[in-house]
Amino acid sequence: MITYWQSKRNSFFFKLLLSFAIIVLISFIFNLVSFNFFQNTLRTEIIKYNKLNLSNSVNNYEKQFRLLDNIASNLFFGANIPLLKNNRSNFTAMNDLTSEIKTILGNYNNLNVDNLFFYNDSYSFIIEKGGIAEISDMFEQHYISPTYNTEFWKNQIKEEYHMRIFPAAQFEKQTINGTIEPAGLYFPVIVKNKLQRNSYIAAFIDANKIYANSHFADNDLFYIENGDGTRFFGNLDIKALSEFRISGDGEAYDSNNNNYYFYQKGESSQLTYVSVTPNQQIASTVSRLSWLLLFLFALSLVVSLIISILFSLRFKLPVQRMLESLQKMNPNFSVNSTIREYIQIGDKLKSIIVSNEKINQDLQMKDSLLKTYSYWNKVKNIPLEHQEMQNLIDNTKPFYFVMYQLQPVRGAQSLPAEETTKAHFAEILNSAILSRFKQSETLQIEKDLIVSIIFDDDPAPNQDLLSATLQDLVKLFDDHGGFYVTIAANPQLRNHGDFTIAYEETLQMIHERKLNPRTQLITESDGDTRILPVPPSELKKLSAHAEAGNTTEMMQIIHRMLQRLSKKGRALEYKKMANDILAEILMVLMSQKIDVGDLLSELAPYEQLKEITTEEQYYSFYNELIEGAVALINDKKADKDPIVDYVLAYMERHSGEDISQEDIAGKLNISIGYMGKYIKNKTGKTFNEYLEEIRISKAKLILTETDDKIHEVANKVGYQNANSFTRMFKRITGATPGEYRLGKRAE
């Protein structure tokens, strides 16, 4: 009998049963002790927990407000706002302030600020993250609120405080279509500086974001109020704390609604933060815990039975998972085992599978790049040196050749978005062509050119299919917008060796695009490869009339030239003519020593030419260009002054010599003092300032075009001392002569 029980005692069943009994006993004792302990301390612990949770929320809110105060103070004492105080028209400082605001909003992701702006009562605009905005546009279109209207923001200049947080309000905004839609729930916050009483910095703090990032609780019974009970944020239906506050301990109880109120006053904002916990919730927590203990007791019995099954599976399942993942080459599996050897084997197996996938992906990517490169060489008729590259492409079958040109519409999207959209177009084209022609390759061979090579042994049915596919693409691109698309395709099947000929023919078709904004499908070339030049005689007449200020005669010349181009109507010829005329007019202006910078920045002619798609738009473009150029020439003529012109011309001719004001004044029969005051009153610059600018301007030209030494350049432009020349050069240009020369040559 003793031997029998000894054998049973050492059996797996007995040890497992003993383990179950120990687990049940431990579970029972634990539940009993836990129940008694938590029943006595639960209410106290919940209250402590809620106070601690509220304290963390208050600290989070206050830290956000202090951070905003510090950021605003840094802006006040930074480089840009003091500059604006001294010079209200300092647009460089305005732009720099906008960039600084963008940087702050970009770097401080935890600031929960939707926008930050600088307000000055002497401006009719504010400076915010989007740049300069009219005050009326800001608060009547982008941040609309009946409480915080334009008058509210103007009146805040009169108020005396350093920082004030206002109650959160629901703001609206006006869309492009003119409709009003919600913008968000924001706390308006204003920070002032005593040294600049006529300005302040304001921010819109997203109330929902700062709440989500600062308050972590089991319920949403939370609100913020000030000392007089004004609700700043939260549920308006909850009773105000001021009705029954018990001072001193940060805790109150509403006997009517059976709610605990936990409150704490913010040190920086002086706002009161309140978190409400229903008494019913505490009682419910105690009840749930009791049931949970009973459930755990029952669960422990069930788990004890399941453990015996899991024990055997614990060794089998990890091995089975690893074998299955190896068969499928899937690294996304879990060993689900605490056995160290299994974990090491599983990690090593995952590493091997991932490495194999990367190798395969890398090989596929390189094959794709090599295939593109091989087709490009084939198109350009460049011999392929390696047989492996020749094997990547199919050069034994006849093919169709289709070319697509994508010309972006100016202003439709930014440059990164434009490149992304081009890649998206390439994917659309590849998908559309592959869905109908399995043996095809679609490649982007240049920045704005994509080609499709469609291989086919049976041309009869596929000519109609190709035509239908291209017509579908025309409709698709017309609906898409953002690009002017030209599709060129010869519907005849090409011989396998005609890649270069096909490329050149379709490229010529692209150049035959007509002047209109629609997507164009060109399937046949007109055979005329000439591009009508602008007659030099017409350009000379145009220059002469420009110098004379004859706007009407200039438009008549342009009208005649446009009529010549309308016979073929090619967009490329219109654009070339526009570039030639623009260059000619700019040369006329520069020959008159007229600064063309304002004209180029105001009209942006080169950008306009990218989006012109009709003859009417060209007429409008020429009219604006000619009127602007003639106005500059007329202004230049009106500004001529005999004394100033003589002095400046003398400086230009003798800038390399030792120029004496006495000599020039003597030639003009006027005194030195009178000449100096006259030039200053007429031009705003002194005699010496003009002389230094002329000499440094000539020095920049010599530095760029010659290898003369610095002291030689100084002598040529009238400086006897190279050090004096270097100091003056750096003061005017911001760089030493050597640095300037290196920078220009690096360009």
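Annotations
- Using the Cβ-Cβ distance between Asn177 and Ser145 with R0 set to 22 Å, the FRET efficiency from 1/(1 + (r/R0)^6) comes to roughly 0.60.
- Along the range 178-183 the Karplus relation, 6.51 cos²θ - 1.76 cosθ + 1.60 evaluated at θ = phi - 60°, assigns HN-Hα couplings of x, 7, 9, 9, x, 9 Hz to successive residues, with x for each Gly and Pro.
- Per residue, the convex hull around the alpha carbon atoms of the range 663-703 comes to 75 Å³.
- For the range 161-240, the fraction of alpha-carbon pairs in successive 5 Å shells from zero, as %: 3, 12, 18, 19, 18, 14, 10, 5, 1, 0
- In this structure, the residue pairs whose Cα-Cα separation is over 20 Å, taken from Lys567/Lys610; Lys129/Lys610; Lys540/Lys576; Lys514/Lys575, are Lys567/Lys610; Lys129/Lys610.
- Peptides 709-717, 102-110, ordered by how many other C-beta atoms sit within 10 Å of their residues on average, highest first, read 709-717, 102-110.
- Modelled FRET efficiency - R0 41 Å, Ile531 with Arg653, Cβ distances, 0.05 increments: 0.40
- Inverse of mean 1/r across different Cα pairs in the range 640-709, Kirkwood, Å: 12.9 Å
- Overall Cα dimensions of the range 77-216 - principal axes, largest extent first, Å: 43, 37, 29
- Cut-off 12 Å between beta-carbons: net charge of the residues surrounding Ile104, Lys and Arg +1, Asp and Glu -1: 0
- Integer Hz, Karplus 6.51/-1.76/1.60 couplings in order for the range 523-530, x for Gly and Pro: 10, 8, 7, 7, x, 8, 8, 6
- Other residues with beta-carbon under 14 Å from the beta-carbon of Ser724 carry, at +1 per Lys or Arg and -1 per Asp or Glu, a net charge of +2.
- Candidate cross-link partners of Lys63 among the aspartates and glutamates, defined by an alpha-carbon separation under 19 Å and a same-chain spacing of 8 or more, comprise Asp114, Asp206, Glu225, Glu267.
- Cα gyration tensor category, rounded, prolate or oblate, for the range 616-747 with a/c compared to 1.5: oblate
- Alpha carbon centroid spacing (whole Å) that separates the range 514-582 from the range 77-110: 46 Å
- Greater than 24 Å apart at Cα, pairs in Lys397/Lys438; Lys51/Lys209; Lys709/Lys730; Lys158/Lys265: Lys158/Lys265
- Shape of the range 482-537, Cα gyration tensor, a/c cut at 1.5: oblate
- Simple point charges give the picture: +1 on the Cβ of Lys and Arg, -1 on the Cβ of Asp and Glu, and for the range 582-645 a dipole about the Cα centre of about 260 debye.
- log10 of Debye I(q)/I(0), alpha-carbon scatterers only, for the range 545-587 at 0.13, 0.17, 0.30 Å⁻¹: -0.30, -0.50, -1.08
- With a Förster radius of 60 Å applied to the beta-carbon distance between Thr614 and Asn336, the computed FRET efficiency rounds to 0.30.
- Rg/Rg_globular for the range 536-633, with Rg_globular taken as 2.2 N^0.38 Å and Rg from C-alpha atoms: 1.01
No value in this document is a laboratory result; all are computed from the given coordinates. From a predicted model like this one, the values you see are computed outputs, not experimental measurements. So basically every Cβ, Gly included, is an ideal-geometry build from the backbone, and we count neighbours across all protein chains shown.
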